[in-house]
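Here's the structure we're looking at; comments come further down.
Coordinate-derived values only; no laboratory data. This one's a predicted model, so the numbers in the text were calculated from it and none came from an experiment. Cβ coordinates were reconstructed from backbone atoms using ideal geometry, including for glycine residues, and neighbour counts include every protein chain displayed.
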Amino acid sequence: MLPIFNQAQLHPHAIAILDSSGEYTYGSLMEKSSQIALKLLQGKVDLSEARVAFMVSPGINYVSTLWGIWKAGGIAVPLCLSYPLPSLAYVIEDTKAAVLVVEEIYQDLLKPYALEKGIPLLDVEEVQQDNKAAPLTEVNSDRGALILYTSGTTSLPKGVLSTHANLEAQISTLIHAWEWTASDHTLCLLPLHHVHGLVNVTCCALWAGATLQFLHRFQAEEVYSIFLEGKVNVFMAVPTIYFKLIAEFDSYSENKKKALTDCMSHFRLMVSGSAALPASVMERWQEVSGHRLLERYGMTEIGMAISNPYRGERRTGYIGSPLPGVKVRLVDEAYEEVALGTPGEIQVKGPGVFASYWGKPEATQKAFTEDGWFKTGDIAVVEQDYYRILGRDSIDIIKSGGYKISALEIEEVLRSHSLIKDCAVVGIPNEEWGELVAAVLVIETNLELAELKDWLKERLPSYKSPKVYQILADLPRNAMGKVVKNELKPLFS
Ligand code: MCA
Ligand code: AMP
């Protein structure tokens, strides 16, 4: 049996999941996920790494589906809940998903598509009414477990395939480094198609035997109400969420502020990651909650690599030092290690590093050095033993609210609009979002921006849509004809 299920069997009566429909023990989670596995298997003994894409809200149904796919020997492909149909179809078709598991509220979106493409679609609720028990196949840890999509320097997102062994390494590193235990209770409000919400929060909590409480949509007021119930003691989020929580806190009465600060000061751990944590947020959050946030660094392809310590100095503006079991080096353009104090690209090796980009052997090969180091593209420097991120090697990657967004992907969509003659997309600094997606357009005179925004809604998830626009007669280009994006950023200041 996969280790995550062995772990679950250690505490069958403990509460694993708390969601808007109730509480569920580890025992009932094991049962529900076995039912889903049997339904997916349809009499077969093993899905043999068939991809199962699923669109299910965070909660018991989400985790039962994920575990059900794993128990049946499939590869799980979680779909982003805010994607419009073209973005969902890309993931489903790129992974060649054999079956879709879909919650009722998403069926209007996916059912006609599934019918047209002849892909079987299972309703997650109906799956669980099937109650037969039967033995399940043995899945070994070297097999594919998960494909998560990540944007990069190519226009279309790439599927990152991780094996069970990769995930087990990513999880067990954090269990030890951040001292997770079965008495922890965490609140998960992050999306579950990314490592932060799925591995760092969901899988770590379940591995530890802790209680995992889900909040489907982030709402600062609701987060604080849950905190005041006094059960949550571990919390992880992206810097934008801490920014929004601070703004909400600042709107409260002195009495409510005091109650909240008292409550949060009893938490065991608060973590920030996925994007640079501004010093102003780090310092203000300490006043609000009594906690120095533990900032860490990771990537979809590698899980977590570098972290401030659980015990010890959590230094503002730094991501800490390599986690146990993860090898990290900083290199120059010739892949030679740089001298201490000199900036270099972060490269990573270790058992948590992904297996391959799904269906993209060339991209996989390009992502590694000849001697097997994964090239992150992030530039950092080491100062007094701690790593500090300086930036990225590509201007085309934007981080907004913790999401990684490819400027090239947005440009390609914009260019397909009949009234857009040319365009360039850049990220501009923003305190709340880290960066904002900004578009410079060269247009036919009769393009209305309001109409463009509606047109984009059908083609891109809203977090990828440009938030600000500038119109130019021509884009600045260098002698090679390439757009000089650095000249565009000041247009938005
Ligand atoms: C929402 N909006 C955004 C973003 N999110 N705009 C830019 N960037 C965003 N990330 C916009 C919407 O387009 C919409 O605009 C308006 O905000 C309200 O949308 P809503 O969904 O209600 O916003 P929200 O609920 O307040 O969302 C903010 C959020 C969310 C909670 C911060 O963005 C989020 O969950 N971010 C976390 C992403 C994450 O988990 N990343 C981890 C990947 P309009 O009104 O104009 O339509 S990185 C990772 O996994 C690695 C391994 C790592 O290191 O962790
Ligand atoms: P993703 O590909 O969505 O997994 O995002 C990974 C990227 O997020 C990394 O390559 C970094 O650029 C960025 N990132 C993650 N954590 C941090 C952090 N603590 N500080 C700065 N950037 C971060």
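When Rg and the Kirkwood radius Rh are both evaluated on Cα atoms of segment 387-476, their ratio Rg/Rh stands at 0.99. Distance from the alpha carbon centroid of segment 158-176 to that of segment 416-459 works out to 36 angstrom. Evaluated at q = 0.07 Å⁻¹, a Debye calculation over the C-alpha positions of the chain (equal weights, vacuum) places log10 I(q)/I(0) at -0.38.
With the convex hull of its Cα atoms as the shape, segment 256-337 has an orientation-averaged projected area of 6.9 nm².
Mind scanning 453/482; 39/117; 71/360; 32/375 and naming the pairs with a C-alpha gap bigger than 29 Å?
In this structure, 32/375 lie more than 29 Å apart at Cα.
Each of the peptides 75-85, 426-436, 244-254, 292-302 was scored by the mean count of other Cβ atoms within 10 Å over its residues; in descending order, highest first, they stand as 292-302, 75-85, 426-436, 244-254.
Working note: Cα atoms of segment 168-282, range along each principal axis, descending, whole Å: 44, 29, 25. The alpha-carbon positions of segment 1-60 define a convex hull whose volume is 101 Å³ per residue.
Of all aspartates and glutamates in the structure, the ones whose alpha carbon falls short of 20 Å from that of residue 258, not counting any fewer than 8 places away in one chain, are 221, 222, 229, 248, 250, 283, 287.
Would segment 49-96 count as rounded, prolate or oblate if I go by the C-alpha gyration tensor, calling it rounded below 1.5 in a/c and otherwise prolate when a/b exceeds b/c, oblate otherwise? Since a/c reaches 1.5 but b/c is at least a/b, the shape of segment 49-96 is classed as oblate. In sequence order, segment 186-201 has phi-based couplings of 10, 10, 9, 10, 8, x, 9, 10, 9, 4, 4, x, 7, 8, 5, 9 Hz under the Karplus curve 6.51 cos²θ - 1.76 cosθ + 1.60, θ = phi - 60°, and Gly or Pro positions carry x. Annotation: aspartates and glutamates with alpha-carbon distance below 20 angstrom to residue 96 (same-chain offsets under eight excluded): 46, 49, 116, 123, 362.
So how do 263-276, 166-179, 214-227 stack up, highest first, on mean other-Cβ count within 10 Å? Each step should come with its number before you reach the end.
Numbers: 263-276: 19.4, 166-179: 21.5, 214-227: 16.1.
Highest to lowest by the protection proxy: 166-179, 263-276, 214-227.
Amide H contacts under 5 Å for residue 11: none, restricted to partners 5 or more places along the chain or on a different chain, H placed in the peptide plane at 1.01 Å from N. From the Cα gyration tensor of segment 188-232, with a ≥ b ≥ c the square roots of its eigenvalues, which class applies: rounded if a/c is under 1.5, or else prolate if a/b is larger than b/c, or else oblate? Taking the square roots of the gyration eigenvalues as a ≥ b ≥ c, segment 188-232 is oblate. Within a straight-line Cα-Cα reach of under 29 Å, residue 256 can be paired with the following lysines, leaving aside sequence neighbours fewer than 8 residues apart in one chain: 231, 244. Using the rule -39500 (n - 2.57) for each DSSP H run of four or more residues, divided by the residues of the chain, the 222 nm mean residue ellipticity is -8500 deg cm²/dmol. Whole-Hz Karplus values for segment 59-76 come out as x, 4, 5, 5, 5, 4, 5, 4, 5, x, 4, 5, 5, 7, x, x, 9, 7 Hz, taken residue by residue from phi with 6.51 cos²θ - 1.76 cosθ + 1.60 and θ = phi - 60°; glycine and proline positions read x.
Placing one equal scatterer on every Cα of segment 36-146 and applying the Debye formula, the log10 ratio I(q)/I(0) at q = 0.14, 0.15 Å⁻¹ is -0.51, -0.58. Using the Stokes-Einstein relation with a Kirkwood hydrodynamic radius computed over Cα pairs, the translational diffusion coefficient of segment 295-380 at 25 °C and a viscosity of 0.890 mPa s comes to 179 µm²/s.
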